[in-house]
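Novice: What follows is a single structure, and I will ask about it in a moment.
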Amino acid sequence: MSENRVELLAPAGSEEALRAAIAGGADAVYLGGQAFNARAGADNFTDAGLAAAVRYAHDRRARVYVTMNILLAEEETDAFAAFARRVYAAGADAVIVQDMGAISLLRALLPDLPVHASTQATLTGGGGARLLADMGVTRAILAREVSLAEIKETRAETDMELEVFAHGALCVCYSGQCLFSSYIGARSGNRGRCAQPCRLPYALEDEGGRDLLAGQKTGNHLLSTRDLNMLEHLPALAAAGVSALKIEGRMKRPEYVATVTRVYRKALDGETLTAEDRRGLEQIFNREFTTGYYFGGGGREIMSWQRPNNRGTRLGRVTDCARGRLGLRLETSLAPGDGIEVWTGRGRDGATVRVLFDAEGRELAAAQAGMTVWLPFAGQAGVGDRAFKTADAALLREARLSFRAGAAARPRSLFMSVSGGAGERLRLTAAEEGGVTAEVFSLSPAVPARNRPLTPEYLRRQLGRLGDTPFALAGLTARLDGDIIIPVSELNEMRRAVTARLLAAEARPAVGADEAARRLDTWRRGAGDSPAADWPPEGVGALVANAALVRPLARQGLRRLILSGEWRRFPACGPESLRELSVWCRERDIDFVWRLPRIIHAGEAAALRRRLAAMAVWPERPAIMAAGWEGLAALRETDPDWPWESDHSLPVFNNGALRLLLKMGARRVALSPELNLQQIERLAPLGRTEAVVFGDMEMMVTRVCLPAAALGCGETGERAEAGRVCAGGLYLRDRLGFRFPLETDRSCRMHLFNSRRLHLTSGLRELTAAGVAGVRLDLIRATAAQAARAAAYYLEAWERPPGAALAAGLAAAFPEGFTKGHFYRGVL
């Protein structure tokens, strides 16, 4: 990639979308195969289709990045490796990966295949980027939540290529950290099966079930975000040091890809954008637009609470609706084939315009702004209701024409030279601007011409017929001795052969099966143990958010306690308090761990490094649990010998990921909560893993704080309910009546928890038999009484089946009920 040119990267969820992206001017496309990619619902590409897609793109000087960005199950490792070899042989320019085990595998199997870290890896700063660069990653696709200022800081801290999203749908949760769809329906976003529960309606309630937004016109799609649109700010993104701009949309239609790519290409090339360009961008799809988090924000202005799907463009107002006809006063054009939607007090009714009439009943081919028109309509509407145009037939036709015409975007200039004389086979040499050349000869020698000899003009006309190749004839020289001729069929064959040789020169040799097997075997046998000698104790441990619970739980018998001090509803645990707890636990031979936040942005990372530097000199410093790449980088850069472990938000789904973390020095690794028992059994029984078996199941973490956006901040809001934002006691209630608790952290991020707590009433023996060294209770939201009940139950369960009284006491302490999570069912 050019150092000075910002890459425009477009989605290709299908063959037509691929053609649309390249015709629109994309420098690169990203696409997925039939497995291992995070958009399982897209058409995607077969192996043959993927190879053809790479050829098509390369012929047009576009790059192809293949998405292999799901969490990889251990039983899929061989199939993943085989697919990666096919991707490599097809000539893909890079692969996009989330799973750290997959990254490790790819670097061992195909070391010269570039790896891009997916946005699913939740990279929010330079520290994490540097850490992944050490693993061999060449590009970081940053989290959508980073700001322009944070991108600049990241750019200053790493030489790695940085990719960001410029247009399209936003996830409300940090990508890679969302378990909402997984927990409520076993459809994991980390496995490409997200059911998008964030686009469903919810109510914001207090502890007593009161709807805090009742009577307002806020809307009820409280987790639905607007669409990102950075068209007017591309120079700012380039100035921040971005290497590539990504358009979201592998699930979108090809016409969307064509329209958005074309407009962004114009903007990046410095061409003047027209009102029609901007209108087309809005018309093709929008949930209302936002600049996301790039300029700060992250409140109401980023959310689409009124509706979760395409809004279209404002069409006009209803003038009448009776007898199956709808009258509209237009604010923009309308024609048969267009889609419309009317917003009423009862909901929304849509229709496709089949026929259109003016006020006098004359049929219209099209209508313009200012006109009053009639059309057949089976829905209901009232006078004054707003109408929107959700599809523009002319725009869709124009988009289809752009990529079905078969023209190559930015054709490759080709210079040809023809030489020879009578009795000789003619030589045709073709050269590209980059210096790649190819040479062919005619099958038969040239003969003297009797009346129509070869001329430069004739040769230019015949050899310039390059059809659907990526080439355009830029120049031709002819060095012919005398008046000669060869059959036109031979000229055509020479043209075909020379272009084929130019393209074949780009082919990449495949990695043979034997060599691949040897590399995989070496990778699997690679050292995976930690040099650390300070192993945590086996048995039951607990993660708490309230420092006041550490001592009581230790006195109750827990020998391992993890403190997560990021939650606003509990008093902060400052450096001195943390040190006192660490000393107190060490004196009692209790393993005490300080858990870092899973999300750490650039400014927060600097503050964390300062705090770690101050703690590094403590003789009784606690072990550290890293919950994200940025925290792990800060820790290792402060002191590479500091005892540390990883939480499940750095997901371990396979032995490759487990070996990688242990090799890096982790003393214990928390397993992904999306693993089922059979998958856990397939992981190497290294005695260094931990599984969460009870407690609060965090489903989402978002940079937007929903209660603050809806009610106002607890410190400055005008409404009385605003004081509850940081104090807890708020819930999202879904259509089925389930209530999902909300919490906020000290960085004003919102965390959403499952409606029921995890509880493995059985299964501890199976876990220990599978090699799991410890089990954990996540007591983030628990009261002292609840924490005591949970600890009593699981301390007993670790030794023997707990009695009925303990089980009854636990159930009484948590009346909302329990779930077994994915322990028995797993995820799709």
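The values are calculated or read from the model by the stated rules, or taken from the named source; none is laboratory data. Computed from a predicted structure; not experimentally measured. Cβ placement follows ideal geometry from the backbone for every residue including glycine, while neighbour counts extend to all protein chains displayed. What goes into the accessible areas is simple: the full protein's heavy atoms, side chains included, and nothing from ligands, DNA or RNA. Shrake-Rupley method; radii C 1.70, N 1.55, O 1.52, S 1.80 Å.
Novice: Restrict the search to segment 772-828; then list the trypsin sites (Lys or Arg not before Pro) that DSSP places in a loop and that have at most 13 other Cβ atoms within 10 Å of their Cβ.
Specialist: When the trypsin sites (Lys or Arg not before Pro) of segment 772-828 are filtered for loop state and at most 13 Cβ neighbours within 10 Å, 825 remain.
Novice: Going through segment 409-445, which GluC sites (Glu not before Pro) have at most 11 other Cβ atoms within 10 Å and a DSSP loop state? Write out the running numbers ahead of the final one.
Specialist: Values: sites: 424, 432, 433, 439; in loops: 424, 433.
Passing sites in segment 409-445 are 433.
Novice: Spin-label point model (7 Å from Cα, Cβ direction): what's the residue 616 to residue 819 distance in nm?
Specialist: 4.2 nm
Novice: Here is a further query. Run the simple label-point estimate for residue 796 and residue 152 please: 7 Å along Cα→C-beta, distance reported in nm.
Specialist: Result: 6.0 nm between the two label points.
Novice: At 222 nm, what value in deg cm²/dmol follows for the chain if DSSP H runs of at least 4 each add -39500 (n - 2.57) and the sum is divided by all its residues, to the nearest 500?
Specialist: Computed ellipticity for the chain at 222 nm equals -9000 deg cm²/dmol.
Novice: Go through 428, 330, 108 and say which Cα lies farthest out towards the positive end of the charge dipole of the chain; charges sit on Cβ, +1 for Lys and Arg, -1 for Asp and Glu.
Specialist: Looking along the dipole axis, the top candidate is 330.
Novice: Same structure, new question: Give me a comma-separated list of calculated 3J(HN,Hα) values for segment 565-574, in order, Karplus coefficients 6.51, -1.76, 1.60 applied at θ = phi - 60°, integers in Hz, x for any Gly or Pro.
Specialist: 3J(HN,Hα) across segment 565-574, in whole Hz: x, 8, 8, 6, 6, 10, x, 5, 9, x.
Novice: Here is a follow-up. Pull up the DSSP beta bridges for the chain and report the antiparallel fraction as a percent, rounded to 5. Display every interim value, and only then the final one.
Specialist: Numbers: 66 of 136 bridges.
Beta bridges within the chain, antiparallel portion: roughly 50 percent.
Novice: Follow-up. Calculate, for residue 61 and residue 400, the FRET efficiency according to 1/(1 + (r/R0)^6) with r their C-beta to C-beta distance and R0 22 Å; round to the nearest 0.05.
Specialist: 0.40
Novice: Determine the gain in length on full extension of the stretch residue 766-residue 362; use 0.36 nm per residue of separation and subtract their C-alpha separation, reporting nm with one decimal.
Specialist: Stretched out fully, the residue 766 to residue 362 stretch lengthens by 137.8 nm.
Novice: Loop-only check: which chymotrypsin sites (Phe, Trp or Tyr not before Pro) in segment 609-706 are DSSP coil with at most 13 other Cβ within 10 angstrom?
Specialist: Answer in residue order: no site qualifies.
Novice: Then there is this: Of the heavy-atom accessible surface of segment 241-304 (probe 1.4 angstrom), what whole percent is carbon and sulfur?
Specialist: Carbon and sulfur atoms account for 50 percent of the accessible area of segment 241-304.
Novice: Now for a different question. Please list the non-local residues whose amide H lies under 5 Å from the amide H of residue 7, H modeled 1.01 Å from N, same-chain partners needing a gap of 5 or more.
Specialist: Residues meeting the amide H criterion: 244, 245.
Novice: Sticking with this structure for a sec: Can you list the lysines whose alpha carbon sits under 19 Å from that of residue 152, skipping same-chain ones fewer than 8 residues off?
Specialist: Correct list for residue 152: 246.
Novice: Jot down the radius of gyration and Dmax of the chain, Cα atoms only, both in angstrom.
Specialist: When restricted to Cα atoms, the chain yields Rg and Dmax of 30.9, 110 Å.
Novice: Once the other residues with Cβ under 14 Å from the Cβ of residue 385 are scored (Lys, Arg +1; Asp, Glu -1), what is the net sum? Don't skip to the answer; put the middle values down first.
Specialist: Numbers: positive: 314, 317, 329, 346, 348, 386; negative: 320, 331, 341, 349.
The answer is +2.
Novice: Compute the distance in nm between two label points, each set 7 Å from the Cα along the Cα-to-Cβ direction, one at residue 713 and one at residue 481.
Specialist: So the label points at residue 713 and residue 481 sit 8.6 nm apart.
Novice: Taking 0.36 nm per intervening residue step and subtracting the Cα-Cα distance, what contour gain separates residue 576 from residue 216 on full extension?
Specialist: Once the chain is fully extended between residue 576 and residue 216, it gains 125.0 nm.
Novice: Return the sequence-ordered ³J(HN,Hα) values of segment 184-196 in whole Hz as given by the Karplus equation 6.51 cos²θ - 1.76 cosθ + 1.60 applied to θ = phi - 60°, using x for Gly and Pro.
Specialist: So the J values, rounded to whole Hz, are 8, x, 6, 9, 8, x, 6, 10, x, 10, 4, 8, 6.
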